[in-house]
Amino acid sequence: MIDVMFYFGESVVLVKIKGRQVLFGHNLQGAILAPLKNMQLNKNGVLKEFPDLVGRDDWREVACERFQEHIARMKSEEDIAHYVIDDLRKYGYIPKMIQRAGFRPRPIN
(Lines give C-alpha, C1' and ligand atoms only; values in the text may rest on other atoms or scores of the structure.)
Protein backbone atom coordinates (compact mmCIF):
# COMPACT_ATOMS: atom_id res chain seq x y z
CA MET A 1 0.00 0.00 0.00
CA ILE A 2 1.25 3.47 -0.92
CA ASP A 3 -0.16 6.85 0.10
CA VAL A 4 0.61 10.02 -1.85
CA MET A 5 -0.35 13.47 -0.60
CA PHE A 6 -0.85 16.44 -2.94
CA TYR A 7 -1.65 20.11 -2.50
CA PHE A 8 -4.09 21.67 -4.92
CA GLY A 9 -4.51 25.33 -4.09
CA GLU A 10 -5.46 25.32 -0.42
CA SER A 11 -6.80 21.78 -0.56
CA VAL A 12 -5.08 18.55 0.41
CA VAL A 13 -5.67 15.49 -1.79
CA LEU A 14 -4.75 11.96 -0.70
CA VAL A 15 -4.25 9.10 -3.16
CA LYS A 16 -4.14 5.60 -1.67
CA ILE A 17 -2.89 2.74 -3.84
CA LYS A 18 -3.71 -0.83 -2.76
CA GLY A 19 -2.61 -3.29 -5.38
CA ARG A 20 -4.49 -2.22 -8.52
CA GLN A 21 -7.07 -0.21 -6.60
CA VAL A 22 -6.55 3.57 -6.58
CA LEU A 23 -8.62 5.63 -4.14
CA PHE A 24 -8.82 9.42 -3.97
CA GLY A 25 -9.70 11.62 -1.01
CA HIS A 26 -10.00 15.35 -0.43
CA ASN A 27 -9.77 17.27 2.83
CA LEU A 28 -13.18 18.85 2.13
CA GLN A 29 -14.76 15.36 2.06
CA GLY A 30 -13.45 14.33 5.46
CA ALA A 31 -12.03 10.83 5.82
CA ILE A 32 -13.78 9.45 2.74
CA LEU A 33 -11.72 7.72 0.06
CA ALA A 34 -13.41 6.85 -3.21
CA PRO A 35 -12.50 5.42 -6.61
CA LEU A 36 -12.12 7.77 -9.57
CA LYS A 37 -15.66 7.10 -10.80
CA ASN A 38 -17.03 8.77 -7.64
CA MET A 39 -14.83 11.85 -7.93
CA GLN A 40 -15.58 15.12 -9.67
CA LEU A 41 -13.75 15.22 -13.00
CA ASN A 42 -12.94 18.29 -15.03
CA LYS A 43 -14.64 17.71 -18.37
CA ASN A 44 -12.21 19.99 -20.25
CA GLY A 45 -9.23 18.13 -18.78
CA VAL A 46 -10.70 14.74 -19.73
CA LEU A 47 -11.49 15.88 -23.27
CA LYS A 48 -7.98 17.33 -23.63
CA GLU A 49 -6.54 13.94 -22.64
CA PHE A 50 -9.03 11.96 -24.77
CA PRO A 51 -10.13 14.08 -27.76
CA ASP A 52 -12.13 11.17 -29.18
CA LEU A 53 -14.67 11.62 -26.34
CA VAL A 54 -15.79 15.08 -27.52
CA GLY A 55 -19.55 15.05 -28.06
CA ARG A 56 -20.14 11.79 -26.20
CA ASP A 57 -22.55 11.71 -23.29
CA ASP A 58 -20.68 8.83 -21.62
CA TRP A 59 -17.30 10.65 -21.55
CA ARG A 60 -16.99 10.22 -17.77
CA GLU A 61 -17.57 6.45 -17.74
CA VAL A 62 -15.21 5.87 -20.68
CA ALA A 63 -12.47 7.99 -19.06
CA CYS A 64 -12.75 6.06 -15.77
CA GLU A 65 -12.68 2.75 -17.65
CA ARG A 66 -9.54 3.79 -19.57
CA PHE A 67 -7.87 4.83 -16.32
CA GLN A 68 -8.60 1.43 -14.78
CA GLU A 69 -7.32 -0.39 -17.88
CA HIS A 70 -4.11 1.66 -17.82
CA ILE A 71 -3.59 0.91 -14.10
CA ALA A 72 -4.20 -2.81 -14.68
CA ARG A 73 -1.30 -2.95 -17.15
CA MET A 74 1.21 -1.55 -14.65
CA LYS A 75 3.60 -3.89 -12.89
CA SER A 76 3.67 -2.55 -9.32
CA GLU A 77 2.21 -0.10 -6.86
CA GLU A 78 5.34 2.05 -7.27
CA ASP A 79 4.73 2.31 -11.02
CA ILE A 80 1.13 3.34 -10.35
CA ALA A 81 2.26 5.93 -7.79
CA HIS A 82 4.75 7.47 -10.22
CA TYR A 83 2.13 7.56 -12.97
CA VAL A 84 -0.42 9.28 -10.69
CA ILE A 85 2.20 11.79 -9.48
CA ASP A 86 3.30 12.66 -13.03
CA ASP A 87 -0.27 12.84 -14.33
CA LEU A 88 -1.69 15.01 -11.54
CA ARG A 89 1.35 17.28 -11.64
CA LYS A 90 0.34 18.24 -15.21
CA TYR A 91 -2.96 19.60 -13.86
CA GLY A 92 -1.49 21.77 -11.11
CA TYR A 93 -1.42 19.30 -8.22
CA ILE A 94 1.75 19.64 -6.14
CA PRO A 95 3.02 16.29 -4.79
CA LYS A 96 4.27 16.68 -1.22
CA MET A 97 4.72 13.27 0.37
CA ILE A 98 4.79 9.56 -0.43
CA GLN A 99 4.61 6.74 2.10
CA ARG A 100 4.85 2.99 1.58
CA ALA A 101 3.14 0.84 4.20
CA GLY A 102 5.50 0.21 7.12
CA PHE A 103 7.89 3.02 6.16
CA ARG A 104 8.20 6.66 7.13
CA PRO A 105 6.78 9.30 4.81
CA ARG A 106 9.25 10.81 2.32
CA PRO A 107 8.96 14.26 0.79
CA ILE A 108 8.59 14.47 -2.98
CA ASN A 109 10.70 17.05 -4.79
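The values are calculated or read from the model by the stated rules, or taken from the named source; none is laboratory data. In this text, all values refer to a predicted model and were calculated from it rather than measured experimentally. Note that we place each Cβ from the backbone using ideal geometry, even for glycine, and neighbour counts take in every protein chain shown.
Each row is one residue, and each column tells you yes or no for (1) in contact with a Gly (Cβ under 9 Å, 6 or more places away or on another chain); (2) at pLDDT 95 or above; (3) among the aliphatic types (A, V, I, L, M).
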| residue | (1), (2), (3) |
| --- | --- |
| PRO35 | no, no, no |
| LEU41 | no, no, yes |
| ASN44 | no, no, no |
| LEU53 | no, no, yes |
| GLU61 | no, no, no |
| MET74 | no, yes, yes |
| ASP87 | no, no, no |
| MET97 | no, yes, yes |
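Could you check, for the range 53-75, whether at least one of its residues is surrounded by fewer than 13 Cβ atoms within 10 Å (Cβ to Cβ), part of a strand (DSSP E or B) and free of Cβ contacts under 8 Å to residues at least 40 places away in the same chain?
Checked the range 53-75: no residue is surrounded by fewer than 13 Cβ atoms within 10 Å (Cβ to Cβ), part of a strand (DSSP E or B) and free of Cβ contacts under 8 Å to residues at least 40 places away in the same chain.
Return the pairs, sorted by first residue and then second, in which the second residue is surrounded by 13 or more Cβ atoms within 10 Å (Cβ to Cβ) and of a type outside the set (Ser, Thr, Tyr), the first residue lies in the range 78-100 and is without any contact (Cβ under 8 Å) to a residue 24 or more places away in the chain, the beta carbons are less than 8 Å apart, and the residues are 6+ apart or on different chains.
Within 8 Å, the pairs are TYR83/ILE71; TYR83/MET74; ARG89/PRO95.
Residue check: is PHE50 crowded, with 16+ Cβ neighbours inside 10 Å and in contact with a helix residue (DSSP H, G or I) (Cβ under 8 Å, 6 or more places away or on another chain)?
Criteria not met by PHE50.
Which residues, taken from the range 1-35, are surrounded by fewer than 13 Cβ atoms within 10 Å (Cβ to Cβ), of a type in the set (A, V, I, L, M, F, W, C) and not in a helix (DSSP H, G or I)?
MET1, ALA31, ILE32, ALA34
So which pairs qualify, if the first residue must be in the range 28-49 and closer than 18 Å to TYR7 by Cβ, the second must be surrounded by 13 or more Cβ atoms within 10 Å (Cβ to Cβ), the Cβ gap must be under 6 Å, and the two must be at least 6 apart or on different chains?
Once the first residue is closer than 18 Å to TYR7 by Cβ and sits in the range 28-49, its partners that are surrounded by 13 or more Cβ atoms within 10 Å (Cβ to Cβ) give LEU33/LYS16; LEU33/LEU23; LEU33/GLY25; MET39/PHE24.
Restricting to the range 36-52, name every residue that is assigned to a helix (DSSP H, G or I), within 20 Å of LEU14 (Cα to Cα) and polar (S, T, N, Q).
The answer is ASN38, and nothing else.
Looking only at the range 82-96, decide whether some residue is of a type in the set (Lys, Arg), on the phi < 0 side of the Ramachandran plot and not in a helix (DSSP H, G or I).
yes
Conditions tested, residue by residue: (1) more than 27 Å from ASN109 (Cα to Cα); (2) of a type outside the set (Val, Ile, Thr).
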{"position": "GLY9", "(1), (2)": "no, yes"}
{"position": "VAL22", "(1), (2)": "no, no"}
{"position": "ASN27", "(1), (2)": "no, yes"}
{"position": "LEU53", "(1), (2)": "yes, yes"}
{"position": "LYS75", "(1), (2)": "no, yes"}
{"position": "ALA81", "(1), (2)": "no, yes"}
{"position": "GLY92", "(1), (2)": "no, yes"}
{"position": "PRO95", "(1), (2)": "no, yes"}
